[in-house]
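Accompanying notes for the structure given below.
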Amino acid sequence: MEIKLFNKWDVEGITVQDPGVAAYITLSPKILPKTGARYAGARFHKSNTFIVERLVSKLMTTGHKGKKHTISSGHITGKKNNALSIVKKAFEIIESKTKENPVAVFVRAVEAGAPREEVIAIEYGGARYPKAVEVAPQRRVDLVLRHMAQGAHMKSFNKKVKIEDTLANEIIAASQSSARSSAISKKRDLERQAASSK
């Protein structure tokens, strides 16, 4: 029996083109991407989790922006079924707009939006200096998922646009490497800062 995501979309034949993140984007198919924190105690457990489930988890709490926990809609925090329905609707919108498998579009978006370099601050003789470093592969995937979730939230929070629409637009724009995507904009900013700190 063939297993499809949400009983709709096949993940067979989808490959990750970027060898840097290929080992960290898991495409083992799940009908319902909900493991219930089965890997929570294992090191690098996120790498074994289906990539769509990682997006669902990011939507529940969208992560930090600067030093603060960024704003959340409040409607889905802690309610995974609501987050699952948002992702499912977003994938339906992606399919209707692009006429492609939405999982393949999402994987392309993750590859395109994953930053390769970022800036850290090092302290030397009491002064702090910016230094460009390469981003670890797992962190690359973490960052792009966070930027996608935060971008979708910011475009829909206190607005008439639904989060399904903003998430679908974010994923489509990222898959096309368009600056309309928050993940792509953030990636370019990080890499520009890193280039000037070398």
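The values are calculated or read from the model by the stated rules, or taken from the named source; none is laboratory data. Here the structure is a predicted model, which is why all the values come from computation and not from measurement. Because the Cβ atoms are built from the backbone with ideal geometry, glycine has one as well, and the counts that use them run over all protein chains shown.
Limited to the range 1-37, what total is found for residues that are under 15 Å from Ser85 (Cα atoms), aromatic (Phe, Trp, Tyr) and not in a loop (DSSP other than H, G, I, E, B)?
Qualifying residue count, the range 1-37: 1.
If a residue must be over 14 Å from the mean Cα position of the chain (by Cα) and either of a type in the set (Lys, Arg) or farther than 20 Å from Arg180 by Cα (or both), how many such residues does the range 140-157 contain?
Looking only at that region, the number is 1.
Among the residues of the range 31-69 satisfying the criterion of being of a type in the set (Lys, Arg) and under 24 Å from His153 (Cβ atoms), which is surrounded by the fewest Cβ atoms within 10 Å (Cβ to Cβ)?
Among them, the one singled out is Lys67.
Residues of the range 136-165 being more than 17 Å from Val107 (Cα to Cα), β-branched (Val, Ile, Thr) and surrounded by 20 or more Cβ atoms within 10 Å (Cβ to Cβ), which ones?
Result: Ile163, single match.
For the range 33-81, how many residues meet the condition of being of a type in the set (A, V, I, L, M), modelled with pLDDT of 70 or more and in contact with a Leu (Cβ under 7 Å, 6 or more places away or on another chain)?
Counting residues in the range 33-81 that are of a type in the set (A, V, I, L, M), modelled with pLDDT of 70 or more and in contact with a Leu (Cβ under 7 Å, 6 or more places away or on another chain) gives 4.
Out of Glu164, Glu191, report the one residue that is part of a helix (DSSP H, G or I) and closer than 30 Å to Gly36 by Cβ.
Glu164
Could you list, in sequence order, all residues of the range 103-139 that are of a type in the set (Gly, Ala, Ser), part of a loop (DSSP other than H, G, I, E, B) and under 22 Å from Ser182 (Cα atoms)?
Result: Ala114, Ala136.
Given the residues Ile94, Ile120, Ile184, which is the only one that is crowded, with 24+ Cβ neighbours inside 10 Å and either farther than 23 Å from Phe6 by Cβ or without any contact (Cβ under 8 Å) to a residue 40 or more places away in the chain (or both)?
Exactly one of Ile94, Ile120, Ile184 is crowded, with 24+ Cβ neighbours inside 10 Å and either farther than 23 Å from Phe6 by Cβ or without any contact (Cβ under 8 Å) to a residue 40 or more places away in the chain (or both), namely Ile184.
What residue, among those in the range 165-198 that are within 14 Å of Ile120 (Cα to Cα) and either in contact with a strand residue (DSSP E or B) (Cβ under 7 Å, 6 or more places away or on another chain) or not charged (D, E, K, R) (or both), is modelled with the lowest pLDDT?
Step by step, filter the range 165-198, then rank; the result is Lys198.
Could you grab the pairs with beta carbons closer than 8 Å, sequence gap of 6+ or different chains, first residue in the range 123-145 and closer than 19 Å to His45 by Cα and touching a residue at least 12 places away in the same chain (Cβ under 8 Å), second one among the charged types (D, E, K, R) and assigned to a loop (DSSP other than H, G, I, E, B)?
Close Cβ pairs satisfying both conditions: Val135/Arg116; Arg140/Arg116.
What single numbered condition from (1) crowded, with 19+ Cβ neighbours inside 10 Å; (2) modelled with pLDDT under 85 fails to hold for Ser28?
Every condition holds for Ser28 apart from (1).
From the set of residues in the range 4-25 that are in contact (Cβ under 8 Å) with a residue 24 or more places away in the chain and more than 20 Å from Glu100 (Cβ to Cβ), which is surrounded by the fewest Cβ atoms within 10 Å (Cβ to Cβ)?
Ala23
Do any residues in the range 33-55 that are small (Gly, Ala, Ser) have Cβ atoms under 7 Å from those of residues that are surrounded by 15 or more Cβ atoms within 10 Å (Cβ to Cβ) and outside any helix (DSSP H, G or I), where the two are at least six apart or on different chains, and which pairs are they?
Within 7 Å, the pairs are Ser47/Thr26.
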